[in-house]
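Q: If you scroll down you'll find the structure; I have some questions about it.
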Amino acid sequence: MIAAIEAQLAILRDRSQPVEARRDALKFVVHLVGDVHQPFHASNRPDAGGNQYQISLRTKLKPEAYAQKNYVDGVMGTNLHSMWDYYVLGETGMHPRAFADELAKRPWPPIATSDGNPTQWAQESCRLIDDWGTYPDGHKLDAGYGEAMRPLAERRVLQAADRLALLLNEALDPGFKPEASTP
């Protein structure tokens, strides 16, 4: 993932590249920076980033169309990675725009995040897997797990936004000098 971020940033920075290539690189950078901040996308455990850790999740949040066959009587058969990709934040019931607006009301920058690089961000994600106890005791979860993990997920979204803004400013404006952020 780190190599992909660097490769896409190189295309984005290169003003001799066709606009279509730079547009696509921008999309990839946005996606990959978000991914590296989701702890299970950078996990160092042998379960494919939580994809092989099967869970039974009691939830009111109906799954996306492709997964509805796994949702029976309010219980979703899924995995821990999907829990983080969809349910931890989705169980708030908020529309994504409203959720983004709520996050935007928080003090900025969210945490002193502008330092570091994608490799360090991935290492943070690996450490957070253990530091936050993201692996539950057992394979049956309910909304309590999402509520307990939501502060971490929100923090990572805000960090990703701050860091993405810095990367894009640096990539698109060769004269850009970041302001010193305070914690």
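Q: Grab the beta carbon distance between GLU20 and GLU170, set R0 = 25 Å, and tell me the FRET efficiency rounded to 0.05.
A: 0.70
Q: In debye to the nearest 20, how big a dipole does the chain give about its Cα centre with +1 on each Lys and Arg Cβ and -1 on each Asp and Glu Cβ?
A: 300 debye
Q: I've got another one for you. Neighbour counts of other C-beta atoms within 10 Å: give me SER56, SER82, SER16 arranged from fewest to most.
A: Final ranking by Cβ density, sparse to dense: SER16, SER56, SER82.
Q: Kirkwood hydrodynamic radius (Cα pairs, Å) of the stretch 38-183?
A: 16.8 Å
Q: Mind listing the long-range amide H neighbours of ASN79? Cut-off is under 5 Å, sequence gap 5 or more, other chains count too, H placed in the peptide plane at 1.01 Å from N.
A: The answer is ILE55.
Q: Moving to a separate point now. Under 37 °C and 0.692 mPa s, how fast does the stretch 93-178 diffuse according to Stokes-Einstein, given a Kirkwood radius computed over C-alpha pairs? Answer in µm²/s, whole number.
A: 219 µm²/s
Q: Based only on other Cβ atoms within 10 Å, what is the fewest-to-most ordering of ARG163, ARG106?
A: ARG106, ARG163
Just so you know, all these numbers are worked out from the coordinates, no wet-lab data involved. Being a predicted model, the structure only gives us computed values, none of them experimental. So basically every Cβ, Gly included, is an ideal-geometry build from the backbone, and we count neighbours across all protein chains shown.
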